[in-house]
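Worksheet: one structure, shown below.
Bear in mind that the values in this text are calculations on the coordinates, not laboratory data. Model, not experiment: these values are computed from the prediction. Using ideal geometry, Cβ is built from the backbone for each residue, glycine included, and neighbour counts are taken over all protein chains shown.
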């Protein structure tokens, strides 16, 4: 996959990717819309059961919450169910439409806006919580997006972000399939993430790099976790039907990775507090 060098073109490419495939929707279909959304929700939390704990949905009643990157609305509906004063933003009109539909099925009519994480359309010091799960590493200027999170948080407010971690089993798998298998062993696993994971230009960070990225925050806590790609625990979709993928799925030592691969998870759960 070629990655555009122009930031605006790259952002357009990222928007096109997530318009075509909001998170969790690839293998879900059918005419019953409630069943459609329920399946997305069920599969998301089966695959990554730590999300509700990390997000803190159950403790959000009465709090002003901003979710950046609502996708199909799976996490966003949890804020609403738990009584948060939740606002959502997404780079794509499609994500906003899906989330609005998801909310309406349960009688909610929240504030939802199409917009850019690098230029949030909200005043300074507005939100108690800013939540973004697996989103900000896709925008061309992640540093600017993180600065925007800090800006719109109230003093003492909390950012809960999942950003991709490096090194990871996912990065190694991508490197093996896209580079090593083609003899391009000089290319790095990080480059494989950048060029071949989800939308073009995806980034991943070491824990030391997270410290630099989040330097404007006060207290910071990181938890590295395995995601579905680290363990190959998701259903193999049409995208992964090549002979190489079939072999990998057949021989992959998921149990050994779980036992001995601590620290090689692809996800970093970040909780960071804005100074008072």
Revision key, fill the gap. So, relative contact order of the chain in percent, Cα under 8 Å, 6 or more apart, is 19
Review point. How much length, in nm to one decimal, is gained on full extension between residue 59 and residue 81, taken as 0.36 nm per residue of separation minus their Cα-Cα distance?
Key: 6.8 nm
Exercise for review: Count the DSSP beta bridges whose two residues both fall in the chain, then state the antiparallel fraction as a percent rounded to the nearest 5.
Suggested key: 40
Point to revise | Rg over Rh [alpha-carbon atoms, Kirkwood Rh] for the chain | key: 0.95
Point to revise | Two-site label geometry, residue 3 and residue 21: point separation in nm, points 7 Å out along Cα→Cβ | key: 1.7
Exercise for review: Between residue 181 and residue 252, with labels modelled 7 Å along Cα→Cβ, what's the label distance in nm to one decimal, could you check?
Suggested key: 1.2
Revision key, fill the gap. Here the relative contact order (percent) of region 1-121, from C-alpha pairs under 8 Å and at least 6 apart, is 21
Practice item. Choose one answer from 26, 44, 100: the residue with the largest mean-square fluctuation in a GNM of the chain with alpha-carbon springs under 10 Å. Key: 26
Practice item. For a footprinting-style exposure proxy, rank 137, 17 by other Cβ within 10 Å, fewest first. Key: 17, 137
Exercise for review: Quick one: go through region 55-74 and flag any residue whose amide nitrogen is under 20 Å from the point 7 Å out along the Cα-to-Cβ line of residue 221.
Suggested key: 55-61, 63-66
Exercise for review: Once you've got the GNM for the chain with C-alpha springs shorter than 10 Å, pick whichever of 197, 150, 256 has the biggest mean-square fluctuation.
Suggested key: 256
**Study point:** region 1-75 versus region 93-154: alpha-carbon centroid distance in Å
**Key:** 12
Review point. At 222 nm, what helix-only mean residue ellipticity would the chain give, in deg cm²/dmol to the nearest 500, using -39500 (n - 2.57) for each DSSP H run of four or more?
Key: -11000 deg cm²/dmol
Practice item. Would you please give the FRET efficiency between residue 104 and residue 244, computed as 1/(1 + (r/R0)^6) with r the Cβ-Cβ distance and R0 = 35 Å, to the nearest 0.05? Key: 0.25
**Study point:** log₁₀ of I(q)/I(0) at q = 0.11 Å⁻¹ - region 9-95, Debye sum with one point per alpha carbon
**Key:** -0.34
Exercise for review: Among 184, 78, 39, determine the one that fluctuates most according to a GNM of the chain built with springs between C-alpha atoms less than 10 Å apart.
Suggested key: 184
Exercise for review: Work out, step by step, the length gained on full extension between residue 114 and residue 271: first 0.36 nm times the residue separation, then minus their alpha carbon distance; give nm to one decimal.
Suggested key: 54.0 nm
Review point. Kirkwood Rh over Cα pairs of region 72-146 into Stokes-Einstein at 37 °C, 0.692 mPa s: D in µm²/s?
Key: 251
Check your understanding: Seen from all sides and averaged, what is the projected area of the convex hull of the Cα atoms in region 111-235, in nm²?
Key -> 9.0
